[in-house]
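Visitor: Take this structure, written in structure tokens, and hold onto it; I'll ask about it next.
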Amino acid sequence: MIEETIISDNKLYKKLDFPLFTTYQELSAVEHEELVPVFKGKPIPRQMWKKILSFMKQSYDHFKSETLVFLFYDESKDQPWSWWIPPQETMGMTVKSSPDDPEYAKQRADYPDTMFGTVHHHCSTSAFQSGTDEADEVNREGIHFTVGNLNTAAFDIHCRITIGSCHSDIPAGTYIAQAADPFKKTAKVPDNIRKQVRDHLHNLDVAALNDNYMEDEFPDAENVSKKVYTPPVNKYTQPGLGWNNYEDYNVSKKNNPTILDEEASSEDAAEDLVDTILSDYEYENILINYYTFRNNVENNRKLYTAELDSTEIVQDLLQLFGDEEFQVTREGKETLDTVNKFIRQQKNYGLDITVEELIHGLSTLQYDEDGERVQPVDTKDVL
């Protein structure tokens, strides 16, 4: 039997062709405004996505031009996703891979056969889909991301999926793994609210960098080159074209890490640590570990129920930093790692401090009865 679909008189029929006769069976169809293909594989690991965002940001900072990466999927592996920064040439709002580069074929052999997506950025503009982007994405199967607003803390992300001849815009976080559930296990939260909160936080997370992104390095980022004009040295020298590459950036990044040009004190960092412990479950463990070690059941309970005030937190942190017996334990080392992570976060926000300076800030930090920080004032006579 040969089957064929036919439209007649605005109706859809399936042609049934048998040896003795041919007939037509009317088919019912459901109308949809848009057909969205569905990918049934594993999501892109969250930390892999963060590394890709880190490359997007760092390459923008260096080149102020677009860059791109390719995504690959290998069903035979437990973690099937991988990504590659291919040899490419960038110039402003244009970037293209360089398949004729001898390194292209050599490096491409190290990645799976199935290329299933791309990521590129639009510098400081929004992640709009240009005509070139759309033409590329509808003819190339996979999940395609565009990252925009790289000059801000909150990036703009556009995502489009293409499978076969079907393609559609989708939320950027659809196929990126979510972070851990932000709710405590004992929290009684309705499932629908829990999902709404997790989805909202996930959407924010997909467009945000890790705190320590400046520590990320990318060996194959040396594949990126940008043509730059070389000015004449004198009137007898003609201007020409040179090349700016990513290797130059890696060297300068180590010698002069990016720090925002704004002043802040160790007290500011200390206050931020107190606020973070009160609002972030990961940093809350700094004190939970210490309370558990010292069997301080009451303060552990007060922290859990949000009854612990800022002054008590400061006092307990100072005790923690002076407790050498605690610091050599596994929990103590884990706590100090979390503190160092917080310091790296401060560095990315423009405040380059040490643990000693953080402790000094805690020792001078004061709060009033309402829990508001007491700011130092100038007591000198004006006249």
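The values are calculated or read from the model by the stated rules, or taken from the named source; none is laboratory data. Source: prediction; values computed, not measured. All Cβ positions, even for glycine, are placed from backbone atoms using ideal geometry, and neighbour counts span all protein chains on display.
Visitor: Among the residues of segment 79-95, how many are assigned to a strand (DSSP E or B) and surrounded by 13 or more Cβ atoms within 10 Å (Cβ to Cβ)?
Guide: Narrowing segment 79-95 to residues assigned to a strand (DSSP E or B): 81-84, 88-91, 94-95.
After this cut, where a residue has to be surrounded by 13 or more Cβ atoms within 10 Å (Cβ to Cβ) as well, the list is 81-84, 88-91, 95.
Residues flagged as assigned to a strand (DSSP E or B) and surrounded by 13 or more Cβ atoms within 10 Å (Cβ to Cβ) within segment 79-95 amount to 9.
Visitor: Against the conditions (1) farther than 17 Å from L273 by Cβ; (2) buried (at least 17 other Cβ atoms within 10 Å of the Cβ), where does L320 fall short? Just the number, please.
Guide: Unmet condition: (1).
Visitor: Looking only at segment 216-231, count how many residues are loosely packed, with under 14 Cβ neighbours inside 10 Å and modelled with pLDDT of 85 or more.
Guide: Residues flagged as loosely packed, with under 14 Cβ neighbours inside 10 Å and modelled with pLDDT of 85 or more within segment 216-231 amount to 2.
Visitor: Also, quick follow-up: Any residue in segment 114-130 that is aromatic (F, W, Y) and surrounded by fewer than 16 Cβ atoms within 10 Å (Cβ to Cβ)?
Guide: Pass one, segment 114-130, residues aromatic (F, W, Y): 116, 128.
With surrounded by fewer than 16 Cβ atoms within 10 Å (Cβ to Cβ) added as a condition, the list becomes 128.
Looking for residues that are aromatic (F, W, Y) and surrounded by fewer than 16 Cβ atoms within 10 Å (Cβ to Cβ), one finds at least one in segment 114-130, hence yes.
Visitor: List pairs: first in segment 77-94 and more than 14 Å from V119 (Cα to Cα) and assigned by TED's automatic domain parsing to the domain that holds L53, second in a strand (DSSP E or B) and of a type in the set (G, A, S), Cβ under 7 Å, 6+ apart or cross-chain?
Guide: Listed by first residue and then by second, the contacts come to P87/S97; E89/S225.
Visitor: Next up: Given the criteria acidic (D, E) and at pLDDT 90 or above, does E334 qualify? Explain how you work it out, then say what you get.
Guide: On the way: acidic (D, E): yes; at pLDDT 90 or above: yes.
When the stated conditions are applied, E334 passes them.
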